[in-house]
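Chemist: I'd like to ask you about the structure that follows.
Each reported figure results from applying straightforward, stated rules to the coordinates on display, with no laboratory input. In this text the structure is predicted, and so the values were computed from the model without any measurement. Please note: Cβ atoms are built from the backbone with ideal geometry, for glycine as well, and neighbour counts cover all protein chains shown.
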């Protein structure tokens with residue numbers, strides 16, 4: 001399958017319509033697994049890596065996923081296409097730019113990826129929109145069980161699943177949620193969130209995972225402990241305590257903005273809207289930052305019933321003048337689409353060739369102007 005078949009669309013988990021979707025963009029569960037009888041990848045020869053790749057590719061491609069799956073040889077892909085898959089959250093940076101034979105099996109609706117020869121022999125991930133961790137764990141366990149019927153995993157009765165990185169030993173599970181926390185950032189409370197997450201043994205990363213900075217007030221929150229805890233304990237901790245508290249803090253910060261700093265809120269939204277509607281050059285980082293403020297305004301109206309002059313202006317965009325509830329009205333789905341499709345690799349893949357930064361910035365500005373000016 002050609003990547004251009006999916007590059008012009010938004011995947012189903014980024015639609016903005018999942019549970020608690022105003023704050024929780026997506027839920028992801030990832031499992032790390034290795035094959036018994038094989039060395040960890042760092043000690044593998046090229047020939048052994050190729051053997052592992054072929055074995056796991058055949059097994060995973062034979063699974064019943066409830067969706068068409070396709071295989072991609074990551075080591076044979078052009079760099080631009082690898083960057084696209086990273087932007088799409090379908091593979092990791094490590095997988096994209098690693099060494100040796102490696103590949104990925106991806107479901108067409110993009111809710112599932114199997115990364116083969118990433119850091120471990122196999123990294124499985126399931127993604128869903130909003131806060132849907134039980135659904136993620138149920139689906140990934142079903143897939144994992146089906147694979148384990150055909151291969152033997154490296155497992156120790158005392159320590160659990162054995163992994164290349166000691167922090168994944170045990171269950172091998174990584175639970176990750178992508179969060180949009182603009183109000184905590186605007187009100188100066190984001191450091192409290194980061195410190196609290198660290199105190200709870202959680203990792204906070206940027207939009208594209210480990211080693212990346214937060215962009216547009218998006219953060220990825222994940223567990224760091226896998227040894228000595230069950231999958232159920234990890235999921236329950238997120239579901240019952242961690243996520244409800246973070247969502248509540250963000251909602252309180254949004255109410256504070258509305259009640260005590262409405263002028264600041266309106267200024268952020270108005271400036272963002274003016275720049276996005278008129279700019280002729282805009283970088284990826286700036287676009288994400290400004291679109292984040294537009295998304296905040298739309299979500300505050302939809303979920304908190306907030307109405308300010310700037311938020312009202314957002315709801316006039318795209319209307320035909322006869323129906324305030326026009327289907328053409330600016331929506332969260334439109335903003336999410338702009339977030340994704342104006343990322344550098346998406347832009348270039350959809351344009352059909354690589355572009356220098358100035359031409360990317362011009363094309364990005366053109367796409368956003370067109371969407372916001374009708």
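Chemist: Just want to confirm a number: the relative contact order over the range 215-306, from Cα pairs under 8 angstrom separated by 6+ residues, in percent.
Modeler: Numbers: 30 pairs, mean separation 39.4, N = 92.
After rounding, I find 43 percent.
Chemist: In what sequence do 49, 353 fall when counting other Cβ within 10 Å, fewest first?
Modeler: Details: 49 21, 353 8.
The order, fewest Cβ neighbours first, is 353, 49.
Chemist: What is the fewest-to-most order of 205, 88 by other Cβ atoms lying within 10 Å of their Cβ?
Modeler: Starting with the residue having the fewest Cβ neighbours, the order is 205, 88.
Chemist: Output the relative contact order of the chain, whole-number percent, from Cα pairs under 8 angstrom with separation of 6+ residues.
Modeler: Numbers: 635 pairs, mean separation 72.9, N = 374.
Computed value for the chain: 19 percent relative contact order.
Chemist: Please report the Cα spread of the range 262-373 along all three principal axes, rounded to whole Å, starting with the longest.
Modeler: Principal-axis extents of the range 262-373 (Cα, largest first): 42, 30, 22 Å.
Chemist: Tell me the angle of helix 332-341 to the major Cα principal axis of the chain, expressed in degrees between 0 and 90 and rounded to the nearest ten.
Modeler: With rounding to tens, the tilt is 60 degrees.
Chemist: Also, quick follow-up: Could you please state, rounded to a whole Å, how far the C-alpha centre of the range 38-66 is from the C-alpha centre of the range 93-117?
Modeler: The distance from the Cα centre of the range 38-66 to that of the range 93-117 comes to 11 Å.
Chemist: Rounding to the nearest 10 and keeping the result within 0 to 90°, find how far the Cα-based axis of helix 46-61 lies from the longest principal axis of the chain.
Modeler: Compared with the principal axis, the helix lies near 70 degrees.
Chemist: Another question, if that's okay. With a Förster radius of 25 Å, plug the Cβ-Cβ distance of residue 152 and residue 71 into 1/(1 + (r/R0)^6) and report the FRET value to the nearest 0.05.
Modeler: Numbers: r = 22 Å, r/R0 = 0.90.
Calculated transfer efficiency: 0.65.
Chemist: With viscosity set to 1.567 mPa s and temperature to 4 °C, compute the Stokes-Einstein D of the chain, Rh being the Kirkwood radius across alpha carbon pairs; µm²/s, no decimals. Walk me through the numbers on the way to the answer.
Modeler: Numbers: Rh = 21.8 Å.
Translational D for this selection: 60 µm²/s.
Chemist: Apply 1/(1 + (r/R0)^6) to the Cβ-Cβ distance of residue 267 and residue 312, taking R0 = 22 Å, and write down the FRET efficiency to the nearest 0.05.
Modeler: Values: r = 15 Å, r/R0 = 0.67.
Approximately 0.90, to the nearest 0.05.
Chemist: Tilt of helix 243-260 relative to the longest C-alpha principal axis of the chain, in degrees (0 to 90, nearest 10)?
Modeler: 10 degrees
Chemist: Using the count of nearby Cβ atoms within 10 Å as a rough guide to exposure, how do 364, 329, 30 rank from fewest to most?
Modeler: Ranking 364, 329, 30 by Cβ neighbours within 10 Å, fewest first, gives 329, 30, 364.
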